[in-house]
Amino acid sequence: MDGVRCVDSLAAGNAPHNSFRTLGPTLLISMAYLDLGKWVVTLESGSRFGYDLVLLMLFFNLSAILCQYLSIRIGMVTGKNLAEICHQEYSQTICVVLGVQAGLSLLTSEISMIAGTVVGFKLVFEYDDLITIILFTGVVVNLLPYAFSLLDKRMAGMFNTYVAGFTLVCFVLGLLVSHPKTHVNTNVMFPKLSGESAYSLMALLGTNIIVHSFYTHSSVVQVQRRLPVLTLGSLFHDHLFYIVFSFSGIFLVNYVLLSSAADESKNAMAIHFQEAVQLMNQIFTNPVAPIVLLVILVFSGHIISMTCIIGSDVISENLFGVKLPLFAHHILPKIFAMVTTIYHAKVAGSEGLYQLLIMCPVIQAMFLPSSVIPVFRVSSSRLLMGRYKISLYIEILAFLAFFLTLFTNIIFAAEILFGDSTWTNDLKGNTGSPIVLPYAAVVLISCASIAFALFLAVNPLKSACTEAEELLSAVRSRRETLDKARHSEAASLEHSQSTLEHNGDSDTTIQSTAHMVIDPKAQPSPSIHHED
């Protein structure tokens with residue numbers, strides 16, 4: 001996988017400048033957050049709920065920064081990726097479940113990328129044959145990664161980094177230039193939650209934190225453990241700077257999209273494809289914006305495809321214990337994504353693709369609570385991380401991030417089971433809206449994910465159990481040693497006392513005898529008296 005694993009070459013320092021070892025992996029991983037599905041979710045949230053969810057979107061973005069930062073710490077300190085450590089620290093059953101969740105997250109990311117690129121082509125060229133666009137898109141997003149797999153690591157790594165950097169700059173600056181009227185709304189301190197907003201809240205969670213990126217990011221930086229030039233502490237700081245830089249730009253664009261949708265929609269609810277298209281036309285006033293949008297989608301789709309290949313290899317080998325050849329990681333996820341996209345386009349047309357773009361982040365968000373637990377557990381383990389174990393303050397932040405993801409999932413599950421909102425009726429098929437995923441499947445996945453997260457939260461790492469057992473064994477051994485010492489000391493003291501008593505009796509007898517010998521008043525023995 002020389003060309004595909006080019007990011008490993010960047011992380012190892014095979015680039016003209018040392019900053020590429022930290023900037024390159026971050027740029028490539030951040031491309032997973034730039035597909036059209038993420039934009040659609042943000043637009044719909046802003047059009048339906050205004051600024052009510054902005055603060056929570058900020059918290060989700062900060063949680064993503066924390067998770068990505070802890071992932072790179074794990075890979076750099078241990079020299080292993082997160083999937084390898086999970087295989088080492090959890091049972092095979094838990095690893096399989098984690099692998100299923102990460103694999104589904106990867107597949108939904110592929111689906112969102114292909115469906116978003118198809119919608120982008122449709123918007124720019126106004127071509128109505130969706131099946132042809134899907135087939136063409138599938139070829140485009142697979143062609144570049146497969147071609148780069150034939151190149152050497154250094155060349156492919158440099159080119160992909162430049163492509164990722166160019167795409168991110170176009171993504172941020174293009175939107176700001178296209179829609180410069182956005183203002184900062186300060187009246188967003190307290191989010192307003194309801195049953196109607198639970199679906200959009202879950203979608204925002206899935207757009208800001210992506211499960212399989214933890215495994216991919218920890219995998220591509222694990223080679224930095226062997227770097228002799230820089231210390232891990234300085235590398236941590238560099239990685240953190242670039243992660244904050246990249247994800248701040250992503251949040252800025254999401255905020256611009258959300259606020260623009262809130263201002264332009266005028267309380268209109270963009271819940272259908274045509275309304276979303278009209279809203280995008282209102283926001284992107286520059287005539288060049290659609291072309292820039294399409295370029296961003298094509299380039300980000302290429303990077304997403306490449307990183308998904310890396311993630312697929314890491315997940316299948318370490319969590320499932322299956323080593324697949326390179327072409328399988330190229331072809332199988334793409335075939336699944338294309339078949340799913342073609343099915344929804346055939347059944348429901350553009351509206352089906354639009355609903356699919358929103359459902360994919362919701363599915364990814366369902367797997368988050370249990371998927372962040374290994375990240376937080378491993379990074380806080382002194383046995384695995386040594387002196388690079390995270391501090392107590394970061395542990396508190398990690399707990400709050402986990403609680404935020406779990407709380408969002410619980411609200412979503414409660415609304416599915418007991419609520420009567422518009423989106424629950426859509427899932428049940430009561431409104432005539434296209435059904436992307438059956439209602440029973442959504443309920444089952446949601447409840448099972450929450451239950452697995454709670455189970456994993458009380459299930460410690462094997463190393464922690466071993467360490468606790470060794471500590472307990474050491475305490476017992478020390479206690480037994482102390483008990484034996486006490487018994488030995490008591491026996492010795494008792495022996496000393498008996499010896500003293502015995503010596504005391506002997507001394508009394510000797511003293512009595514000596515008194516009889518030297519006492520002048522003592523009576524002579526009868527035999528001597530008889531002789532006298």
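As a calculated quantity, the FRET efficiency between CYS465 and ILE291 at R0 = 35 Å, using C-beta atoms, amounts to about 0.05.
For the set LYS334/LYS462; LYS462/LYS484; LYS80/LYS389; LYS389/LYS484, the pairs lying more than 27 angstrom apart at their alpha carbons are LYS334/LYS462; LYS462/LYS484; LYS389/LYS484.
Taken along the Cα-to-beta-carbon direction at a fixed 7 Å, the label points for TYR162 and GLU489 span 7.7 nm. The order of the peptides 104-114, 74-84 by mean Cβ neighbours within 10 Å, most packed first, is 104-114, 74-84. Under the simplified labelling scheme, the PHE125-SER234 pair shows an inter-label distance of 5.0 nm, with each label point 7 Å from Cα along Cα→Cβ.
For ASP128, ASP263, write out the residues from largest to smallest accessible area, computed with a 1.4 angstrom probe and no ligands counted. Display every interim value, and only then the final one.
On the way: ASP128 120, ASP263 60 Å².
Putting ASP128, ASP263 in descending order of accessible area: ASP128, ASP263.
Heavy atoms only, probe 1.4 Å: what % of the accessible area of region 314-470 goes to carbon and sulfur, would you let me know?
Looking at region 314-470 in its full context, I get 70 percent from C and S.
ASP129 contributes about 70 Å² of solvent-accessible surface, heavy atoms of the protein only, 1.4 Å probe. Rolled with a 1.4 Å probe across the full set of protein chains, the surface gives CYS170 an accessible area near 30 Å². What you get for region 378-453, charging only the Cβ of Lys and Arg (+1) and of Asp and Glu (-1), is a dipole of about 480 debye around the Cα centre.
Accessible area per residue (1.4 Å probe, heavy atoms of protein chains only) ranks HIS237, HIS212 as HIS237, HIS212, with the largest value leading. Spin-label pair VAL347-LEU326: with each label point 7 Å from Cα along the Cα-Cβ axis, the two points sit 3.7 nm from one another.
The values are calculated or read from the model by the stated rules, or taken from the named source; none is laboratory data. Bear in mind the structure is a predicted one, so any value in this text is a computation, not a measurement. With ideal geometry, Cβ positions are generated from the backbone for all residues, glycine too; neighbour counts draw on all protein chains shown. Surface accessibility is based on the protein's heavy atoms, side chains included, excluding ligands, DNA and RNA. Shrake-Rupley method; radii C 1.70, N 1.55, O 1.52, S 1.80 Å.
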